[in-house]
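**Student:** Once you've had a glance at the structure underneath, I'll fire off some questions.
Since every read-out is calculated from the coordinates, none of them should be taken as a lab result. None of these values were measured; they are calculated from a predicted model. Positions of Cβ are generated from backbone atoms using ideal geometry, with glycine treated the same way; all protein chains shown enter the neighbour counts.
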Amino acid sequence: MDNIFHPESLMMSHGFHAADHQGAIKCPLFQNSTFAFRTAEAGKSFFELAYGLRQKVEGEETGMIYSRLNNPNLDLVEKRLALWDGGEEAAFFASGMAAISTLVFTFLKPGDCLLYGAPVYGGTDHFFNYVLPSFNIDVIKFNASDSFETIVKRTESANHGKIPGLIYTEIPGNPTISLVDIDMCKQLANHFEKDGKRPILAVDNTFLGPVFQHPLKFGADISLYSATKFIGGHSDVIAGACVGNSNLIGQLKCMRTFFGCMLDPHSSWLILRSLETLKIRMEQQALNARKVAEYLQKHPAVDKIHYLGFLKDSDSQKAIFEKQCLSAGSMISFEIKGGEKEAFLFLNNLKLFKLAVSLGSTESLAEHPATMTHVDVSAEDREMLGINEKLIRLSIGLEDADDLIKAIEHAFNKVF
């Protein structure tokens, strides 16, 4: 019956039965390392499923074994996150980077190729461009302005006929809020299919999802998150997640078992709490961001603003936005007149906002991408992607929007 209700309605009940837990209406915290089997036969059955030695029979649940493999809190939070994206299963990890690295090493091996859309989070950029080559994995990048034909030509000329094993893109891109067409990426995956093998398409949906964008509906195989951000939403937990079909998520969970990068029970319990308010938080943050963006757009100290709500009809990004996004979200980047000096002076005088990296939390955050989150991105790529010394990134929280505007105005006055 759950399939007739909206995800926000199911966050308080799906997968949990109070009668099985002394009548507790919320899932207890299972701070256990290991779980007792009722019989040896049950233990055998649980391990067969956990290691992928056989398929589940209809209605069968994977039993609890050991918290590196599964845990009641982890199992429940995965079931609930999958509802938002319409995926069959989800897998949670100890961080967003743990999700990304497990994804890469599950679907790529030495000699393979990764094709990715830039910009991405600075840590992702470093992992792709500096770590993967040491494992003999080739890396090719494209950006939002590149056409399908350009990407195909670049990939084929750089890769000597090898097809990418994984196509990865972050939508919207961090920190310039750029959009890539997920359907175009699906076409790329189909184009590169060879001998029945097709690249896996993964979309980092952190900036808009899982409420405002659903990559799986547009052809992505995996929707990936830094669950530290909107999903956790309170700056008190570090986590990552992937959502997709049972086969792909099963492979990720198997690799996660041996990497030991699963999410711990307490963090899973905290995210269960956060999922209950996910939609209402994201909707209010988006409303606040709209007001702040309208103020910034008119301010004489702002050279340029990056905000999905202001895309013009003449901009090719507008068509992508209207097709695959349900909201402009709550992320704003803008270029202040001047340079690093003015940007730093603005940030140092900004009240209410916390001067900190991360995003998507209840409190508003501000940072300087070129010298903070994206400091390790090559100077050439920063220039190409517009990550310059004037750029400031804002994550809008749940404070009163008029108060946030007052705080920004105060900072501008200190600069100019």
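**Student:** Which order do the peptides 226-235, 258-267, 366-375 take when ranked by the mean count of other beta-carbon atoms within 10 Å per residue, highest first?
**Tutor:** Listed from highest to lowest mean packing, they are 226-235, 366-375, 258-267.
**Student:** Collect residues whose amide H, placed 1.01 Å from N in the peptide plane, falls under 5 Å from the amide H of Asn143; neighbours closer than 5 in sequence don't count.
**Tutor:** The list, which skips near neighbours in sequence, is Ala118.
**Student:** Can you tell me the length gained on complete extension of the stretch Leu53 to His21, counting 0.36 nm per residue apart and subtracting the Cα distance? The partial results should precede the final answer.
**Tutor:** Details: separation 32, 0.36 × 32 = 11.52 nm, distance 3.09 nm.
Additional length available on full extension: 8.4 nm.
**Student:** Here's another thing I want to ask about it. On a C-alpha basis, how far is the centre of the range 32-51 from the centre of the range 125-199 in Å? Whole number, if you could?
**Tutor:** 40 Å
**Student:** On to the next question. What list of ³J(HN,Hα) values in whole Hz, one per residue of the range 251-259 in order, does the Karplus curve 6.51 cos²θ - 1.76 cosθ + 1.60 (θ = phi - 60°) give from phi, with Gly and Pro shown as x?
**Tutor:** Coupling constants for the range 251-259: 5, 5, 5, 5, 5, 4, 4, 8, 6 Hz.
**Student:** May I pose another question? Need the full-extension length gain, Thr34 to Phe135, defined as separation in residues times 0.36 nm minus the C-alpha distance. One decimal, nm.
**Tutor:** 32.9 nm
**Student:** Right, here's the next one. Report the extension gain between Tyr66 and Lys153 in nm, rounded to one decimal, defined as 0.36 nm multiplied by the number of residues separating them, less their alpha carbon distance.
**Tutor:** Stretched fully, the Tyr66-Lys153 segment lengthens by 26.6 nm.
**Student:** If R0 is 45 Å, what FRET efficiency do you get for Glu383 and Ser9 from their C-beta distance, rounded to 0.05?
**Tutor:** Rounded to the nearest 0.05, the efficiency is 0.45.
**Student:** What nm value, rounded to one decimal, do you get for the distance between Ser246 and Ser145 when each label is placed 7 Å out toward the C-beta?
**Tutor:** 4.6 nm
**Student:** Determine how many Å³ per residue the convex hull of the Cα atoms of the range 292-414 encloses.
**Tutor:** Numbers: hull volume 14.4 nm³, N = 123.
Normalising the Cα hull of the range 292-414 by residue number yields 117 Å³.
**Student:** May I ask you to derive the relative contact order of the chain, considering only C-alpha pairs under 8 Å and at least 6 residues apart, and to give it as an integer percent?
**Tutor:** Relative contact order, the chain: 17 percent.
**Student:** Which links in Lys186/Lys318; Lys109/Lys323; Lys337/Lys406 stretch past 29 Å when you go from one Cα to the other?
**Tutor:** Check vs 29 Å cut-off fails for Lys109/Lys323.
**Student:** A further question on this structure: Which ³J(HN,Hα) values, rounded to whole Hz and listed in residue order, are derived for the range 309-318 from phi using the Karplus coefficients 6.51, -1.76 and 1.60 in 6.51 cos²θ - 1.76 cosθ + 1.60 with θ = phi - 60°, glycine and proline given as x?
**Tutor:** Values per residue, Gly and Pro as x: x, 10, 5, 8, 4, 6, 8, 4, 5, 4 Hz.
**Student:** Pop out the ³J(HN,Hα) list for the range 366-371 in order, Karplus 6.51 cos²θ - 1.76 cosθ + 1.60 with θ = phi - 60°, rounded to Hz; leave Gly and Pro as x.
**Tutor:** The phi angles translate into 9, 8, 10, x, 4, 10 Hz.
**Student:** Order of Met64, Met12 from fewest to most other C-beta atoms within 10 Å?
**Tutor:** Met12, Met64
**Student:** If you don't mind, another one. Could I have the simple spin-label model distance between His299 and Gln187, label points 7 Å from Cα toward Cβ, reported in nm to one decimal?
**Tutor:** 3.9 nm
**Student:** What is the Rg over Rh value, at two decimals, for the chain, using alpha-carbon atoms and the Kirkwood definition of Rh? If you can, show how the numbers build up before the last one.
**Tutor:** Details: Rg = 21.9 Å, Rh = 22.3 Å.
Reported Rg/Rh (Cα atoms, Kirkwood Rh): 0.98.
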